[in-house]
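Please read the structure below before turning to the comments.
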Amino acid sequence: MSDVRLLIVLYGNYEGILKNAALCANGVLMLNVEEIFDKGLTNTELLTEDEWLIFVVAYLESVADMEGWDHFFTYNMNWYPILTNSLELASDETSLKIIENYKQHFAKLGVNFHPESIDSFLVSAESGYYESCPDWRELFSGVSEQRWYKISAYFSSRGIKICT
């Protein structure tokens, strides 16, 4: 078995990885964020463990732009542990701090950090609330380049190149 094929087999399902990965000339595994994002939107059950780490960050960025920042936390809170794990693995303290501040924001308002509680609060919130609270999406978007640099560095340390 070639070294490259052995490397892929060690990372998991050979065929599954080959569908969303390419090998550079030097045998480094390469994952494409856009392809992983599309794959996850189609069927999250097809995502590998590594792909989940990429997908959930890309998903939050995308859904925050399209549906609003709170959408992720009211409809996809089950992915929250994967999100924080991904950012922790990448040592992205800045993004983690933004998310922690968002969580603490609700704690200060007496709202449980739970999808139904957040949604119930937001539905009944007065317009003044929206005008006075931080723009979490803007804060998170503002550190996107740094975030993807750190995620890429994490995967690079594991012999995987991320294509953004």
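The values are calculated or read from the model by the stated rules, or taken from the named source; none is laboratory data. Bear in mind the structure is a predicted one, so any value in this text is a computation, not a measurement. When we count neighbours, we look across all protein chains shown, and the Cβ atoms used for this are built from the backbone with ideal geometry, even at glycine. Just the protein is used for accessible areas: all its heavy atoms, side chains included, with ligands, DNA and RNA removed. Shrake-Rupley method; radii C 1.70, N 1.55, O 1.52, S 1.80 Å.
What the table below lists for this structure:
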read-out: Selection from segment 55-97 of residues that are of a type in the set (A, V, I, L, M) and free of Cβ contacts under 8 Å to residues at least 24 places away in the same chain; value: Val63, Met66, Leu96
read-out: Spans of helices (runs of 4 or more DSSP H) in segment 64-164 with at least 2 residues exposed (fewer than 12 other Cβ atoms within 10 Å of the Cβ); value: 93-108, 115-124, 127-132
read-out: Every pair of residues 6+ apart whose Cβ atoms lie under 8 Å, when the first sits in segment 121-134 and is within 17 Å of Lys103 (Cβ to Cβ) while the second is hydrophobic (A, V, I, L, M, F, W, C) and not in a helix (DSSP H, G or I); value: Phe121/Leu109; Phe121/Val111
read-out: Qualifying residue in segment 84-106 (condition: more than 27 Å from Gly40 (Cα to Cα) and in contact with a Cys (Cβ under 8 Å, 6 or more places away or on another chain)); value: yes
read-out: Among residues of segment 38-54, those that are touching a Phe, Trp or Tyr at 6+ places or on another chain (Cβ under 6 Å) and outside any loop (DSSP other than H, G, I, E, B), counted; value: 1
read-out: Test: residue in segment 47-63 that is modelled with pLDDT of 95 or more, in contact with a Leu (Cβ under 8 Å, 6 or more places away or on another chain), of a type outside the set (Phe, Trp, Tyr) and open to solvent by 20 Å² or more (accessible area, probe 1.4 Å); value: yes
read-out: Index of the failed condition, Met30 passing every other in (1) open to solvent by 70 Å² or more (accessible area, probe 1.4 Å); (2) modelled with pLDDT under 95; value: (1)
